[in-house]
Each structure stands twice: as structure tokens, then as C-alpha cells.
1. Considering the options Ile87, Val61, Ala100, tell which one lies farthest towards the positive end of the dipole of segment 28-144, charges being +1 on Lys and Arg and -1 on Asp and Glu at the Cβ, about the Cα centre.
2. For Met78 and Arg22, what does the FRET efficiency come to when R0 = 30 Å and r is the distance between their Cβ atoms, rounded to the nearest 0.05?
3. For segment 28-144, count the residues as N, evaluate 2.2 N^0.38 Å, and divide the Cα radius of gyration by that value, please.
4. Quick one: putting +1 on the C-beta of Lys and Arg, -1 on the C-beta of Asp and Glu, what dipole do you get for segment 51-135 around its Cα centre, in Debye to the nearest 20?
5. Taking the Cα-to-Cβ direction at Glu124 and at Ala29 and moving 7 Å from each Cα, how far apart do the two end points lie in nm?
6. If packing is taken as the mean number of other Cβ atoms within 10 Å per residue, what is the order of 56-63, 79-86, highest first?
7. Nearest 20 debye, what's the magnitude of the dipole of segment 89-152 about its Cα centre given +1 on Lys and Arg Cβ and -1 on Asp and Glu Cβ?
Amino acid sequence: MRRLALLPILLAAGCAAPGEGRICTLVGAESGVRVDWEPADLAADAAGGRGGSGTTVRLCVRDDCTEREATARDPFGMLSVHLDDDIGPATVPVRFTATAPDGHTLLDDRTEVTLRRSTPNGGECPPLVWQAALRAVPGEGLVPYRPLPRRT
């Protein structure tokens, strides 16, 4: 009887009773490459640009590209390109550009990254995706991703 009383607690914790199937969380993920930046670093309004227009940031991975407008008022800077989940541990070319409204290039860098296996719900649970992350830093270009230090 005591085992049955503990069963809801074990199931809620993501565990199963011995001999029962594995329970997986449902964290979603997609394969792809992500570039982060500090919003004030690449925003035209913070880099001497005129007017309220933002910087156009563009990320290309192989021939797949996405872009958006970025400003210093953005809560975070991030752009990603999604790839097929079956891509595997491929090495892919990456290009990131940041262009001010007047056409001035704030950052233009290319590199290659190797996608790493990620299983956000554990190794025995789906999804299995392949990801890489970089940070765009003025004066340095694209660098390996490291979280920004917390501001106090």
C-alpha cells in the first residue's frame, strides 16, 4: 500500500516505478544555429545612427537566412536559423551582418560551427536536435557563445 501512495510523487518527479516505462518531459527544441548580442552594441540608435529606425540584423546558415530590425530598446538580441532535425553533427557556414539604416556596416563576420547533439528531455527521450550558438561582439565578430555577465 505504501508503494502505491508514493507512485503519484514518483510520476510527478519524472520517474517511474521499477519495471514501468520511462516518463519524458515535453521540452521542445529545434535544430539550428543561434546568434545572441547585447542590444545596445548593435543598435543604430546607440551607434550614432539618426532617427528611430533600427539596425537590420541578418543571419545566414548555409543558404538559409533570416533578418529583423534591432534597437537598443530590445530586451535581448537573438536571431536563429532553423535546420532539419536530421542534419546530424555537420559543420555549417555562418554569416552574421548588422547594417545601420544609412547603410553603414556595424558588423559583418563569417565563421563555421559544428552542430552539437542536444536532448533537452534526456538521452532516451525525444527530441534529438543539433544546435550551435554564437555571440556577435563588435570589434571581435562572431565568438563562441558564453552567457552575458549579470548586471547588478
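1. Checking the options against the dipole of segment 28-144, the answer is Ala100.
2. Working from the Cβ atoms, E equals 0.40.
3. Working: Rg = 15.3 Å, N = 117, 2.2 N^0.38 = 13.4 Å.
Against the empirical 2.2 N^0.38 Å value, I get 1.14 for segment 28-144.
4. Dipole about the Cα centre, nearest 20: 240 debye.
5. So the label points at Glu124 and Ala29 sit 1.8 nm apart.
6. By packing density, highest mean first, the sequence is 56-63, 79-86.
7. It comes to approximately 280 debye.
Values quoted throughout were computed directly from the atomic coordinates according to the rules given, and no laboratory measurement underlies them. Keep in mind that what you see is a predicted model, and the values were worked out from it rather than measured. We place every Cβ from the backbone using ideal geometry, glycine too, and count neighbours over all the protein chains shown.
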